[in-house]
There are 4 protein chains.
Amino acid sequence: MRGYSQDTDKYLNRLRRIEGQVRGVQRMVSEDKYCIDVLTQISAIQSALDSVALGLLEDHLGHCVMAAGNDPEVQKEKIHEATAAIARLVKS
Amino acid sequence: MRGYSQDTDKYLNRLRRIEGQVRGVQRMVSEDKYCIDVLTQISAIQSALDSVALGLLEDHLGHCVMAAGNDPEVQKEKIHEATAAIARLVKS
Amino acid sequence: MRGYSQDTDKYLNRLRRIEGQVRGVQRMVSEDKYCIDVLTQISAIQSALDSVALGLLEDHLGHCVMAAGNDPEVQKEKIHEATAAIARLVKS
Amino acid sequence: MRGYSQDTDKYLNRLRRIEGQVRGVQRMVSEDKYCIDVLTQISAIQSALDSVALGLLEDHLGHCVMAAGNDPEVQKEKIHEATAAIARLVKS
C-alpha cells in the first residue's frame, strides 16, 4: 500500500494524457511543424509531469514518511530519500 | 523546411523512447511500486525531454533565427520568440 | 526553534558566499565581460541557492513536519505547505 | 561592446536588488524565521535571477550571435555556446 494507492486511477489517467501529448509531439515533428510550436508542447508535457510528480511526492510525505514510525534513524533515512527525489525534480 | 527537418528520424526515435518511458511509469503505478522509484523515472523522462528540447532549440537558432534575413525587426522578433520558448523551458 | 536552527552558522556562511557571487556578477557586468561568462556565473548562483533550499527543506521535513503531532489535519496541512514550497522551487 | 552593454545600469540595479534579497534571507535565518518563509524568499531570488539571465540571453542572441558574420562555422560555434548556456539555466 503506497501513499498514492487510493488515487491510482487518477494518476493513470494523467499519465495516459501525457502519453498522448508525447505522441502529439511525434506527429508535429513528422509533419515538420514550426520548431517553437513543438517546444511549446514539450514545455506543456514538462509541466504536466511536474504536477504528477508533486502529487506523488505529497502522497509519499503524508503516508510513507509520516508513517516511518518513531525510530529517528528510519525517519531520517526516509526524509533524506525524499529530499534526494526532490533534488532530482528541481534539477530535471 | 525546419532547423530539425534533417534530423526528424533522430527526434522521432527519442520521442518514441520517451513515450515508452511514460508507459513504463503507468505500469509502475498499476503495480503499486514504491513512490520514490516512480519519481526517479519521472525525473528521467524530464531529463530526456530537456535534451530533445535543447536539440530542437539549437537547430532552430541555427536555422530559423540565423536565416531571419537582414531586417532588424524580423531578427528581433525571431529572437524574442526564441527567448520566450527558452523561458518556458526554464520554468517548466 | 526551527529545523535549521542548529545549522544557522553553516547556512549564513553559504548565503554570504552567494551574496559575494552576486556582487561578482555585478563586477562582470560593470566590466562588460562576455555574456556567456556572466550567464555561467548566474547558473552557479542558482545551483548554490538550490542546495541551500534543499538543505532547509530536509531540515524542515525532519523537524517541523515530523513533529506535527498526531493530529492528521495538522500533519496534512504541514505536508501541503511543504509541497507548495517544493513546487515553487521546481518552477523557479 | 556586448549585447547588454547599453542596458548595464538596468542590469546592475536588478543585481543590487537581488544582492539585497540575499541579505534579507541572511537576516531571516539569523532571526530564526519559519523555514517555509525562508524558502519562499529563495524561490523569489531564483525567479529574479532567471529573468536577469533571460534578458542577458536575449541580448546575446540579438547581438553577439546574430553578428557572428557569414562564416557558418563561427555561427555554429556561437549557437552551440549559447545552447550550452541555456542548458545550464534549464538544469540549475
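The values are calculated or read from the model by the stated rules, or taken from the named source; none is laboratory data. Computed from a predicted model, the values in this text were never measured in an experiment. With ideal geometry, Cβ positions are generated from the backbone for all residues, glycine too; neighbour counts draw on all protein chains shown. Side chains are part of the model used for accessible areas, which takes the heavy atoms of the whole protein and leaves out ligands, DNA and RNA. Shrake-Rupley method; radii C 1.70, N 1.55, O 1.52, S 1.80 Å.
Once the C-beta distance of D:ASN70 and A:ASN70 is scaled by a Förster radius of 45 Å, the resulting FRET efficiency is 0.05 to the nearest 0.05.
From the residues D:HIS80, D:LEU57, D:GLY69, which one has its Cα farthest along the dipole of the range D:7-91 in the positive direction, the dipole being from +1 and -1 charges on Cβ of Lys/Arg and Asp/Glu about the Cα centre? About the Cα centre, the residue reaching furthest to the positive side is D:LEU57.
Judged by the ratio a/c of the largest to the smallest principal axis of the C-alpha gyration tensor, the protein assembly as shown counts as oblate, that ratio being 1.5 or greater while a/b is no larger than b/c. Label-point spacing at D:ASP37 relative to the other copies reads 4.1, 4.2, 4.9 nm, in ascending order, each point sitting 7 Å out from Cα along Cα→Cβ.
The distance between label points at B:ALA44 and D:THR8 comes to 5.0 nm (points 7 Å beyond Cα on the Cα→Cβ vector).
For Cα pairs less than 8 Å apart in space and 6+ apart in sequence, what is the mean separation divided by the residue count of chain D, i.e. the relative contact order in percent? Intermediate values should be presented prior to the final figure.
Working: 39 pairs, mean separation 32.5, N = 92.
Computed value for chain D: 35 percent relative contact order.
Kindly express, to the nearest 10 degrees and within the range 0 to 90, the angle between helix B:72-91's C-alpha long axis and the longest C-alpha principal axis of chain B. With both axes taken from Cα atoms, the answer is about 10 degrees. Rounded to the nearest 20 debye, the dipole size of chain C about its Cα centre is 240 debye, using +1 on the Cβ of Lys and Arg and -1 on the Cβ of Asp and Glu. Here r is the Cβ-Cβ distance between A:SER30 and B:SER30 and R0 is 25 Å; the resulting FRET efficiency, rounded to 0.05, is 0.25. Sorted shortest first, the distances from the D:GLY20 label point to those of the same residue in the other copies are 2.4, 4.9, 5.4 nm; each point sits 7 Å from Cα along Cα-to-Cβ. Placing a label point 7 Å from Cα along the Cα-to-Cβ direction at C:ASP9 gives distances to the equivalent points in the other copies of 4.4, 5.7, 6.3 nm, listed shortest first.
Provide a whole-number value for the mean count of partner chain Cβ atoms within 10 Å of the Cβ atoms in peptide D:68-78.
Values: counts 1, 0, 1, 0, 2, 0, 0, 3, 3, 0, 4.
If you average over the peptide's residues, the count of other-chain Cβ atoms is 1.
When chain D is treated as a Gaussian network with alpha carbon springs shorter than 10 Å, the biggest mean-square fluctuation among D:ALA67, D:ALA53, D:ALA82 belongs to D:ALA67. The dipole here belongs to the protein assembly as shown: it is taken about the Cα centre, uses +1 on the Cβ of Lys and Arg and -1 on the Cβ of Asp and Glu, and is about 0 debye.
Hey, what's the range D:1-76 come to in accessible area per residue, 1.4 Å probe, Å²? Don't skip to the end; give the middle numbers.
Working: 3370 Å² over 76 residues.
So the range D:1-76 comes to 44 Å² accessible per residue, rounded to a whole number.
Expressed as a fraction of 2.2 N^0.38 Å, the C-alpha radius of gyration for the range A:7-91 is 1.47. Each label was represented as a point 7 Å from its Cα along the Cα-to-Cβ direction; for A:ARG23 and D:ARG17 these points are 4.6 nm apart.
Helix D:35-60: angle to the longest alpha-carbon principal axis of chain D, degrees 0 to 90, nearest 10? Once rounded, the angle reads 20 degrees. Among the GluC sites (Glu not before Pro) found in the range D:14-60, those both in a DSSP coil and sparsely packed, with 16 or fewer other Cβ atoms within 10 Å of their Cβ, are D:GLU31.
Alpha carbon centre of the range C:54-85 versus the range B:13-66: separation in Å? So the separation of the two Cα centres works out to 30 Å. Against chain A, whose longest principal axis is taken from its Cα atoms, helix A:8-30 shows a tilt of about 30°. Where chain C is carried onto chain B by rotation, the Cβ closest to that axis, with its residue and distance in Å, is C:LYS91, 3.
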